[in-house]
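The block underneath contains the structure these notes are about, expressed in structure tokens.
The values are calculated or read from the model by the stated rules, or taken from the named source; none is laboratory data. Please read all numbers here as calculations on a predicted model, not as lab measurements. Here the Cβ positions follow ideal geometry from the backbone for every residue, glycine too, while neighbour counts run over all protein chains shown.
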Amino acid sequence: MKRIFQVSLLMLFILTCFRAVGEEKTMPRDPMSILETTKNLSIEDFEKAMLEIRHHRDSVISRLIELLSTEKSEEKKVRICYILGEHRNPSAIPILINNLLLKSEIDDPYTKLPLWGPYPAQQALMKIGHKAIPEMIKILKDSNEEKRRELACGVISEVLTPDIARFRIQRDAEKEPDEQKKANLLSALKYLPKPKD
């Protein structure tokens, strides 16, 4: 959340800077001058700028979701998953679930270390956080794909912590009337780290 706020604030500074500088069409060279341009904004102008930022952010996310559903290149898909995770927008959850098994093998060209984890859609869902949990529980109930179930369990565990994830899955299993779905939920507990004694 802090990072989204920082990015939004930076975008606001840039937008207000262009408005404040106006005729010159140049950017101030240091961040303090950008801060100075925002202090003269009225509440109304500030709110308008925030709405403009929100509009652009939402349209970019919508376009990324569209691209992820049509893109053929796995490398590009990996990068899109990463960007969607950074934005933490819940509207990306369904497309990220569709790409949950997408595996990344992209390394940093300088260090030869991975740029991110092996499953970028899983990482993006972890960043989205609590809003992804109901869909992960649904995967545990309905899916027969072991890797998909393992990755969904990893999201739940990362977002809630392993002990709370265990409690949540057991609670959902107790409430589940369908015996097969209940068994699926309980069998997913094997993907969680062993509880500490």
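The table that follows gives values for the structure above.
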| item | result |
| --- | --- |
| Residues of region 144-170 that turn out to be among the hydroxyl-bearing types (Ser, Thr, Tyr) and in contact (Cβ under 8 Å) with a residue 24 or more places away in the chain, as a count | 1 |
| From the options GLU105, GLU86, GLU135, residue that is charged (D, E, K, R), modelled with pLDDT of 95 or more and not assigned by TED's automatic domain parsing to the domain that holds ASP58 | GLU135 |
| Restricting region 55-78 to residues that are farther than 15 Å from ILE93 by Cβ and among the polar types (S, T, N, Q), the residue that is surrounded by the fewest Cβ atoms within 10 Å (Cβ to Cβ) | THR70 |
| Subset of region 158-184 (residues that are over 14 Å from LEU140 (Cα atoms), surrounded by 16 or more Cβ atoms within 10 Å (Cβ to Cβ) and of a type in the set (Asp, Glu)) | GLU158 |
| Region 80-89: number of residues that are crowded, with 20+ Cβ neighbours inside 10 Å and without any contact (Cβ under 8 Å) to a residue 24 or more places away in the chain | 1 |
